[in-house]
1. Highest first, please rank the peptides 538-544, 393-399 by the mean number of other Cβ atoms sitting within 10 Å of their residues.
2. Order the peptides 320-332, 503-515 from the highest to the lowest mean number of other Cβ atoms within 10 Å of their residues.
3. With a sphere of radius 14 Å drawn around the Cβ of Phe272, what net charge do the other residues whose Cβ falls strictly inside it have (Lys, Arg +1; Asp, Glu -1)?
4. Could you state how much accessible area Val75 has, in square angstrom rounded to the nearest 10, with a 1.4 Å probe and all protein chains kept in place?
5. Say the dipole of region 269-384 comes from +1 at the beta carbon of Lys and Arg and -1 at that of Asp and Glu; which of Cys281, Pro334, Leu363 then lies farthest toward its positive end?
6. Can you give the calculated 222 nm mean residue ellipticity of the chain, where each DSSP H run of n ≥ 4 adds -39,500 (n - 2.57) and the sum is split over every residue, rounded to the nearest 500 deg cm²/dmol?
7. Take Glu189 and Glu307, extend 7 Å from each Cα along the Cα→Cβ direction, and tell me the distance between the two endpoints in nm.
8. Considering the dipole of the chain built from charges on the beta carbon (Lys and Arg +1, Asp and Glu -1) around the Cα centre, which of Gly132, Ala502, Ser60 is farthest to its positive end?
Amino acid sequence: MLHLIPAPKKLVYGKEEFRLYELENIRLPADCPASILRAAVSLADDFEKVTGKRLRFAKSVPDGKSVTVEFSAAVATASYRISAGENGFTVSAAAETELFYALQTMRQIVNSCGNVYSSMEIEDAPDFAHRGVYHDITRGAVPTLKSLFELADLMAYYKLNQLQLYVEHTFAFARHCDIWEGSDPITAEEILRLDAYCKERHIELVPSLSTFGHFYMALRSKRKEDLNELDIKASEIPFSFYDRMAHYTLNCSDPRSIELVADMLAEFIPLFSSDYFNICCDETFDLGKGKNRAKADELGTETLYVEFLKKIIAIVGKAGKTAMFWGDIIAAQPELIRTLPENTIALEWDYGAKADFRDTAALAKVTSNFYICPGTTVWNCWSADIHVCQQNILNYARKGKAAGAVGLLNTNWGDMGNVNLFANSLYGIIYGAAAAWNTDAAADLERFETAFDRMEFNCTGLSALWRKFGETKIIRWKAVANLVDIAENPWQDEAFQAVNAASLKDAIGKLEDIFTDIMKIAGSAQSKDPLALKELIFGFEMSIMLHRIALAVYEPENKIQAWKTADDLRKMEQRNSPLWHNRFKPSEYYRVRDVLLKVAGLLDKN
């Protein structure tokens, strides 16, 4: 059985079987675009790994069995077709993008057929036109350019076609160095190179920049702190992971606020070839609670929000871009969307397992131009909660498809320091690709996970244990991080209120048993990404460590155990550092290290 992600809409096997290694050629179309040649080279590379020989490239009719790649007007728009028989494969599409996707499917066939392929017919097309990944590079972990290239390659392999990088402060603004200092920001050169790299792989790199809420690092600058909605001296307040998430909204009534946004956009927008721009504008928690309280009482916070939103959209529109924005604030009065420019795209997000927090049907009544945005559920985790992630993505894809959403943008956030190493996002990103392309087939979880385990780790059973591990966890990262956070916040004790020493000991025992089973699989597994298995294993270990830390907090009288946990945590931090720096710039790792070592110090005091 072939392992294909996303599952094709139609796959019919014949009775005949043929030997893969008997193929001799790749026959390319006479007018072969560069992206098709590149994909054909990747196919030849995969073929060589599987069979030990390299296919011969040709444009004429070659001797021997072939993979024939052709443009065909007979194939429906946005579709591709693959036929396999005695003489090899015929890969057809009417347009370049679809032919590129067909070649990704061919690569997967070669990689999973085991040197014997059946006669078959594949006809395929996506459910959602826009299938994206939203990758957080602002909460502490800024990827290297090499890592971003690898992400683009992964996305192309699974037929994703839109990438957005979440930026609050982590771009090297030439005129606003005070915003990005100490973060190792992504540079203009890196964006330009990534934009070109993505285009070659039929991925649109869509710019995304916070322009209203989530203005934490900018409003902590001495130069800009007076633009805060709240009347505070933010530059004098120590850094807080909680404050970064929960506060810091621009004062929408101060004309200097829109001037700052316009200046940032003027530098950022021209770096991207995309016709879209995500202005974010989500979670404006402080709006109307400080300097605009009187106006909010008079006009309503929604009116204040929409008026500033329109100003930002106008800047983006003047630059020739279509604005996207997160729809959480306007969701309270979705009819306000009708007051925005007609082509504006609302991004509706919901991260619950049932995906029932937002009323997608209500949004669909006021606009046909919206995305649904589920999530990988890696935030606040050292190992992803894939049981929540899978349900969230599938249920939201179903809602979005029924309501006529034009896109599915799968969010990969990094709350509380972005501690989750990248391999933890693999399941969610790839499952998102499966659901965005073929929502109905993605419901067959056993089929997906069998393919995922085989394709990414050359093993069986890993996903099932990973899910069981997530279902067993009772302590998340933010509960431990907030033990040493300087801010007073409602997260401080919430995770500890539902547990006790007995429940923690029970969870630790179960997690350790599951981890033992995971390690039995890992011993013979081979991850396609050479770093992935190490990252996953570390994430599982660190998740168990969080429970041990919580237990030490609940049993302060057991000093020896607390001290051992503290020393083990210090050793874990030492292991984490090189894993982090494999994919990320140094960026804000120092903040993660600071939290881990402060927690160790706290345990020493018990």
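1. Numbers: 538-544: 21.6, 393-399: 24.6.
The most tightly packed comes first, giving 393-399, 538-544.
2. Going by the mean number of other Cβ atoms within 10 Å, highest first, we get 320-332, 503-515.
3. Neighbourhood net charge equals -3.
4. Surface accessible to solvent at Val75 totals approximately 10 Å².
5. With unit charges placed on the Cβ atoms, the residue in question is Cys281.
6. Taking each H run of at least 4 residues, the total per residue is -14000 deg cm²/dmol.
7. Simple spin-label model gives 4.5 nm for this pair.
8. Positive-end residue among those listed: Ser60.
The values are calculated or read from the model by the stated rules, or taken from the named source; none is laboratory data. Because the structure is predicted, anything quoted here is derived from the model rather than measured. Methodologically, a virtual Cβ is constructed for each residue, glycine included, from the backbone with ideal geometry; neighbour enumeration extends over all protein chains shown. Areas reflect the complete protein model, heavy atoms only, side chains present, ligands, DNA and RNA absent. Shrake-Rupley method; radii C 1.70, N 1.55, O 1.52, S 1.80 Å.
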